[in-house]
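Laboratory data are not the source of any read-out in this text; all were calculated from the coordinates shown. This structure is a prediction, so every number in the text was calculated from the model and none was measured. Quick reminder, even Gly has a Cβ in these numbers, built from the backbone with ideal geometry, and neighbours come from all protein chains shown.
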Amino acid sequence: MADLSIHFAGIKAPNPFWLASAPPTDKAYNVVRAFEAGWGGVVWKTLGEDPPPVNVSSRYSAHFGKNREVIGFNNIELITDRSLEINLREITQVKKDWPDRAMIVSLMYPCDEASWKRILPLVEATGADGIELNFGCPHGMPERGMGAAVGQVPEYVEMITRWCKQYCSLPVIVKLTPNITDIRVPARAALAGGADAVSLINTINSITSIDLEQMVARPIVGHQSTHGGYCGSAVKPIALNMVAEIARDPATRGLPLSGIGGIGNWRDAAEFIALGAGSVQVCTAAMLHGFRIVHEMKDGLSRWMDTQGYASIADFCGKAVPQTTDWKYLDMNYQVIAHINQDACIQCGRCYVACEDTSHQSIAQLITAENGRRYEVKAEECVGCNLCQITCPVEGCISMVPQDSGKPYMNWTQDPRNPRADLQSQS
């Protein structure tokens, strides 16, 4: 069996699956149950200054798919609403009882050096393995100069990270907000401040739905609502992209990454790891399905690694990064054409409608008295856009077949059709 243990930014854990800083990690009771279920580590729900913040009711809403499947999850909950003393005491005891698990403490404090200088020794005294700086909360507490109000200003990110490295000997992980134009900028700032790692993504500003009877967004608090933090499977593509951007940025290449955003099974985790994540954090999936999902995650990842010949997480961490590039470097001479497996086709016509109405009219609908409907690809018209494959309800029925163009690799910076080709190739 593959070895799932990790050594992330100086922090050891029996597996890469950590619970993210959120309601599931708000108290010892939850964290102990998570460790009993097999989670490799937790990021304790964000601590802040006393007096603790006051939360509202209700706090969650969701974006649903068919059959009420939760695609996206929205919350307007703040950081821990329990006292600092209680949290520190529980962190100390849990770490003492579970010394082999990663215990990371999330912190959110004002942009005041004295505040950070005061809290850091207290956290270090708990025996925790590291701290995570919450620079991403998109709602609430801006009056204290915290959350995304900090994470969106690279100078603040660098400044606070440097304070933490000065007053604390624990590994410092900086949690980045996705509510920013270029995720590489705060990552570079964190590294400049001495960060040992970054974690991403934090939640995305969102309103999931409107109650059209009451004319108020959800979640409803009395007769009002507000934007919240969006997470769950819907944010995974955004998170993967941002992880990849940092992993392939020359300025941050090699910086340890903890992947967060829509991870619900072993395959999701493997994708984040392939793009450079050395650990992965889970929240929404655990809230929807409970802590026991980690059994399938560990078993599935281990079995897949065995089939691929990977003995450890490090063996495939970042293996997809070299193949991730800018659009201008893609091969302009590469071509694929759709192929329909007639034996698997159920003649639903979805590929035809999608291509005929919204794409390149490259699928023919043939109707015969003997066989009814039949769909065939017009090879000369197909541009290989993948739309038919995406709309097809039968997995594997439509495949994209590479064509031999007889032409060598040529990217857009070299393409004579590019009016700025010479300038781009020199840049």
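Output wanted: per-residue J couplings in Hz (rounded whole) for the stretch 215-225, from phi through Karplus 6.51 cos²θ - 1.76 cosθ + 1.60, θ = phi - 60°, x for Gly and Pro.
6, 8, 6, 9, x, 9, 10, x, 10, 9, 7
Roughly speaking, what is the stretch gain from A251 to Q224, that is 0.36 nm per residue apart minus the C-alpha to C-alpha distance, in nm to one decimal? It would help to have the intermediate numbers written out before the result.
On the way: separation 27, 0.36 × 27 = 9.72 nm, distance 4.38 nm.
Taking 0.36 nm per residue and subtracting the Cα distance, the gain is 5.3 nm.
Would you mind ranking F316, F17 so that the residue whose beta carbon has the fewest other beta carbons within 10 Å leads the list?
F316, F17
So what is the relative contact order of the stretch 196-322, in percent, for Cα pairs below 8 Å that sit 6 or more residues apart?
On the way: 200 pairs, mean separation 30.1, N = 127.
So the answer I get is 24 percent.
Collect residues whose amide H, placed 1.01 Å from N in the peptide plane, falls under 5 Å from the amide H of I71; neighbours closer than 5 in sequence don't count.
Residues meeting the criterion, in which the H sits 1.01 Å from N, are H63, F64, G65.
For the modelled label position 7 Å from the Cα of H295 along Cα-to-Cβ, which residues of the stretch 1-45 have backbone nitrogen atoms closer than 16 Å?
33-40
In units of 2.2 N^0.38 Å, what is the alpha-carbon radius of gyration of the stretch 40-182?
1.11
To two decimal places, what compactness ratio does the stretch 329-426 give when its Cα radius of gyration is scaled by 2.2 N^0.38 Å?
Compactness ratio reported: 1.35.
Please list the non-local residues whose amide H lies under 5 Å from the amide H of S209, H modeled 1.01 Å from N, same-chain partners needing a gap of 5 or more.
R218
So for the stretch 49-124, Kirkwood radius off the Cα pairs, Stokes-Einstein at 10 °C and 1.306 mPa s: how many µm² s⁻¹?
So the translational diffusion coefficient is about 103 µm²/s.
Under unit Cβ charges (Lys, Arg +1; Asp, Glu -1), what dipole magnitude, rounded to 20 debye, does the chain have relative to its Cα centre?
460 debye
Using the structure shown, select from K95/K175; K45/K96; K175/K319; K66/K175; K27/K165; K12/K117 the pairs with a Cα to Cα distance greater than 28 angstrom. Let's see the in-between values first.
On the way: K95/K175 22 Å; K45/K96 18 Å; K175/K319 23 Å; K66/K175 32 Å; K27/K165 26 Å; K12/K117 26 Å.
Long pairs (Cα-Cα over 28 Å): K66/K175.
Please turn the phi angles of the stretch 261-269 into ³J(HN,Hα) values with the Karplus equation 6.51 cos²θ - 1.76 cosθ + 1.60 (θ = phi - 60°), one per residue in order, whole Hz, x for glycine and proline.
x, x, 7, x, 7, 5, 5, 4, 4
Which whole-number value in Å³ per residue fits the convex hull of the alpha carbons of the chain?
190 Å³
Would you work out which of P178, G261, A13 lies farthest towards the positive end of the dipole of the chain, given +1 charges on the beta-carbon of Lys and Arg and -1 on that of Asp and Glu, about the Cα centre?
Farthest along the dipole direction, towards plus: A13.
Taking H as built 1.01 Å from N, whose amide H comes closer than 5 Å to the amide H of T46, not counting residues under 5 places away?
A22, T80
Among Y329, Q403, G384, which residue has its Cα furthest toward the positive end of the charge dipole of the stretch 329-426, with +1 on Lys/Arg Cβ and -1 on Asp/Glu Cβ?
The residue sitting farthest along the positive end of the dipole is Y329.
Show me, for the stretch 378-386, the HN-Hα J-couplings you get by feeding each phi into the Karplus relation (A = 6.51, B = -1.76, C = 1.60, θ = phi - 60°), rounded to Hz, glycine and proline as x.
With coefficients 6.51, -1.76 and 1.60, one gets 8, 4, 6, 9, 6, 9, x, 7, 6 Hz.
Rounded to the nearest 500 deg cm²/dmol, what is the calculated helix-only ellipticity per residue at 222 nm for the chain, with -39500 (n - 2.57) per DSSP H run of length n ≥ 4?
-8500 deg cm²/dmol
For the stretch 258-317, report the translational diffusion coefficient in µm²/s to the nearest whole number, using Stokes-Einstein at 4 °C, 1.567 mPa s, and a Kirkwood Rh over Cα pairs.
Value of D from the Cα-based Kirkwood radius: 111 µm²/s.
Note down the magnitude of the dipole of the stretch 204-351 about its Cα centre, charges +1 on Lys and Arg C-beta and -1 on Asp and Glu C-beta and zero elsewhere, to the nearest 20 debye.
120 debye
If one computes the Cα centroid of the stretch 355-414 and of the stretch 1-73, what distance in Å separates the two points?
After rounding, the separation between the Cα centres reads 43 Å.
If you take every DSSP beta bridge whose two residues both sit in the chain, what share of them, in percent to the nearest 5, is antiparallel? Please report the intermediate quantities before stating the final value.
Working: 29 of 58 bridges.
Restricted to the chain, the bridges split so that about 50 percent are antiparallel.
With equal scatterers on the alpha carbons only and no solvent term, can you work out the Debye log10 of I(q)/I(0) for the stretch 165-235 at 0.12 1/Å?
With one equal scatterer per Cα and no solvent, log10 I(q)/I(0) is -0.50.
Which of S106, I86, N67 sits farthest toward the positive end of the charge dipole of the stretch 1-156, with +1 on the Cβ of Lys and Arg and -1 on the Cβ of Asp and Glu?
Checked the options; the winner is N67.
Which of the peptides 271-282, 66-77 is most tightly packed, and how do the rest follow, going by the mean number of other Cβ atoms within 10 Å of each residue?
Final packing ranking: 271-282, 66-77.
Could you give the size of the charge dipole of the stretch 1-117 about its Cα centre, using +1 on the Cβ of each K and R and -1 on the Cβ of each D and E, expressed in debye and rounded to the nearest 20?
320 debye
If you count, for each residue, the other Cβ atoms within 10 Å and average over each peptide, how do 384-391, 124-131 line up from highest to lowest?
Working: 384-391: 17.1, 124-131: 19.0.
Most protected by this proxy first, the peptides run 124-131, 384-391.
Given contacts defined as C-alpha pairs under 8 Å and at least six residues apart, what's the relative contact order of the stretch 6-315, whole-number percent?
18 percent
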